[in-house]
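A quick write-up on the structure given underneath.
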Amino acid sequence: TLTIGEVSKHNSKHDCLIVISDMVFDVSSFLHKHPGGMSIILSQAGKDASNLFFRNHSSRAHSFLPDLFHADLITSKKQDLESLSQIVKVKDIAAQLESPRK
């Protein structure tokens, strides 16, 4: 999994990640094959390209995505849930340490 901050570092034609629907895709190898040209993808490199992608592509274009999948995007909601989970674990451990031993 990657954060949007991590994705944003991959913004060149040799290292090009984009986000579509909270999934990260490595489109570096696809740039030269894109029918609309590489510049439109590079303009979205390291960013969330969901709106542009869905607005301009047919279901045929969607069929290319599984082969380009790289990672899931960690959204702020996912980060909040992971943080909350860690807090609960720490509190559980603290409670176990504080309880009298039998």
For the range 17-31, pairs from a residue that is polar (S, T, N, Q) to a residue that is not in a strand (DSSP E or B), with Cβ under 6 Å and 6 or more apart or across chains, are S21/S50
Apart from one, (1) out of contact with any helix residue (DSSP H, G or I) (no Cβ under 8 Å at 6 or more places or on another chain); (2) at pLDDT below 95 all hold for S21; the odd one out is (1)
Selection over the range 1-16 where residues are of a type in the set (D, E) and either touching a helix residue (DSSP H, G or I) at 6+ places or on another chain (Cβ under 6 Å) or touching a residue at least 12 places away in the same chain (Cβ under 8 Å) (or both) yields a count of 1
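The values are calculated or read from the model by the stated rules, or taken from the named source; none is laboratory data. Fair warning: this is a prediction, and the values are worked out from it, not measured in the lab. In this analysis, Cβ positions are derived from the backbone assuming ideal geometry, glycine residues included, and neighbour counts consider all displayed protein chains.
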